[in-house]
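Worksheet: one structure, shown below.
Quick note: the coordinates plus some simple rules give every number you see, no bench work behind them. These numbers were taken from a predicted model, which means no experiment stands behind them. Here the Cβ positions follow ideal geometry from the backbone for every residue, glycine too, while neighbour counts run over all protein chains shown.
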Amino acid sequence: GLLITDLQGMHSGLDPISGNFSLQAKGFVIENGVLTKYVGTGGKVIVPEGITKIGKDAFWRCKSLKEVRLPAGLKVIEDGTFAYCEKLTDIKIPHSVEKIRSGAFSNCHALKEIVIPDSVKEIGFHAFYGCGFTGDLIIPDSVTELGQWAFANCDGLNGKLQLSKNIKIILRLYPIHC
C-alpha cells in the first residue's frame, strides 16, 4: 500500500457517490494510485512511492518545476504530464515505465538530456516536442511504437541519434524532425 505521512485538504478520503478514494499529500492529488494533479510550489519534487501512473496534465505549466524524482514501479506517464514545465532540467525516467504518452514532455525547453530506459515500449505524438536536447538521443530497441513528431523542434540536438530497431508502428508520419 501507500503510506502518506502528511495529509492536507478537505477533499481527502472516500467519495460516497463514486466510491473513489483520493487524498492530497504534500502537493499531490492521488486517486487510486494515480497522481492526478500536482498542487505544490515546484522546485525539486519527489513523487511518492506506490504511484503507477501520472495522470493527464498533472504537472502541466508548472513554471517553477526544476527537478523531479519519479518512483520505481511507475508504468505510465500520461498525455501532457510535464508539458510546458519550462524550467524542468532534471528528470530520471525509472526502468519500470512502459508508456510515455502524447505531449508528456512537450515544450520543456530547459530539458537538455533524457535517458529513455529499455522498459519503454511506446512514445506518443509530440512526447518530447520542443525540448532543448543537446548531445545524444538514443531510442532503445524496446520501443515498438513512435508517435508523430515525437522529437520535433528539438533544435539543439547535435550528437548521435539512434532509433529502435524494433519500431513496428509509427503513429502517423515523420516522428523525428530535429
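With the biggest extent put first, the Cα atoms of segment 99-178 measure 29, 20, 19 Å across the principal axes.
Here the calculated FRET efficiency for LYS44 and LYS160, from their Cβ-Cβ distance with R0 = 35 Å, stands at 0.70, rounded to the nearest 0.05. Mind checking Rg over Rh on segment 67-137, alpha carbons, Kirkwood formula for Rh? Answer for segment 67-137: 0.92. In terms of the Cα gyration tensor, with a ≥ b ≥ c the square roots of its eigenvalues, is segment 25-150 rounded because a/c is under 1.5, prolate because a/b exceeds b/c, or oblate? Oblate.
Take the Cα of LYS87, step 7 Å toward its Cβ, do the same at ASP141, and the gap between the two points is 4.2 nm.
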